[in-house]
Amino acid sequence: ELKVEQNPLFLSMQEGKNYTIYCNYSTTSDRLYWYRQDPGKSLESLFVLLSNGAVKQEGRLMASLDTKARLSTLHITAAVHDLSATYFCAVDMAGFGNEKLTFGTGTRLTIIP
Amino acid sequence: DAGVTQSPTHLIKTRGQQVTLRCSPKSGHDTVSWYQQALGQGPQFIFQYYEEEERQRGNFPDRFSGHQSPNYSSELNVNALLLGDSALYLCASSPIERGHEQYFGPGTRLTVT
């Protein structure tokens, strides 16, 4: 059974600092997603990582995928308050994009002014 | 182009009752997946429908059942509600063809008292 673990579960950081969220998964997969969720809201897609070594960046967020290590990272650069949210990684074990997603436990990020 | 829509937004039910949640997929999408997200946890896959048939199923009891109409819209039915069924229920749609991302709806917040 595929397991997806994120760490840390909670992260409180000051504005302007850098930090990384880690996502480890237990079974080979070539397709990994990162989502953002604000309180009481649905999931907002941030990144789709499709192959080993994939790196994507959007604003202050950068995601990478190492399929050999079964590890993805979400790096936050010079954090701002607007980035406060819960971040989930999700793995599509089949790798087709339209199959069952297995989500991590989430990282609740709080940016302190 | 409307995205994935869900109804109702919020719902309060009593233990033992039955509930039906509805989802309309994004235009051009024929596959619908349902996820349950308990408070403070990541979404968990319930099942997926394609061509009016259940295509995949997660680890949920038979109290959870579904339906897909010829127009691709879908329903999630939960019988004999338990307090533990209180959660945000998310619907996601995608084309059946490989390589396409799932798009999530706004969710239905179900509270069982």
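The values are calculated or read from the model by the stated rules, or taken from the named source; none is laboratory data. Keep in mind that what you see is a predicted model, and the values were worked out from it rather than measured. Neighbour counts are summed over all protein chains in view; Cβ atoms, including those assigned to glycine, are modelled from backbone coordinates with ideal geometry. SASA here: full protein model, heavy atoms, side chains in, ligands and nucleic acids out. Shrake-Rupley method; radii C 1.70, N 1.55, O 1.52, S 1.80 Å.
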Here the alpha-carbon Rg of the stretch A:1-47 over 2.2 N^0.38 Å rounds to 1.38
Simple spin-label estimate for B:Asn77/A:Phe10, 7 Å along Cα→Cβ, in nm, reads 4.2
The protein assembly as shown: spread of alpha-carbon positions along the three principal axes, whole Å, largest first, is 48, 38, 37
Restricted to pairs 8 or more residues apart or on different chains, the lysines in the protein assembly as shown with C-alpha atoms under 19 Å apart form a number of pairs equal to 5
Taking only protein heavy atoms and a 1.4 Å probe, the highest-to-lowest accessible-area order of B:Ser27, B:Ser69 is B:Ser27, B:Ser69
Checking the stretch A:32-71 for trypsin sites (Lys or Arg not before Pro) in a loop per DSSP with at most 10 other beta-carbon atoms within 10 Å yields A:Lys68
A chain fully extended from A:Ala94 to A:Thr110 at 0.36 nm per residue, minus the present Cα-Cα distance, gains in nm 2.5 nm
Ordered by number, the residues of the stretch B:16-45 that have at least 50 Å² less accessible area in the complete protein assembly than on their own chain alone (1.4 Å probe) are B:Pro43
Quick P(r) readout (the stretch B:5-107; Cα-Cα; 5 Å bins; whole %) gives 2, 14, 25, 27, 19, 9, 3, 1, 0
Ranking B:His29, B:His100, B:His10, A:His75 from most to least accessible area with a 1.4 Å probe gives B:His10, B:His100, A:His75, B:His29
So, over other residues within a Cβ distance under 9 Å of A:Asn52, counting Lys, Arg +1 and Asp, Glu -1, the net charge is -1
Carbon plus sulfur, as percent of the 1.4 Å-probe accessible area of the protein assembly as shown, comes to 48
Against the 2.2 N^0.38 Å rule of thumb, the C-alpha Rg of chain A sits at a ratio of 1.01
Note to self: with every protein chain in place and a 1.4 Å probe, the stretch B:5-107 gives an accessible area per residue in Å² of 48
Ignoring ligands and nucleic acids, chains A and B bury, in total, an accessible area (1.4 Å probe) to the nearest 100 Å² of about 1700
For the stretch A:1-103, the per residue accessible area (1.4 Å probe, Å²) is 49
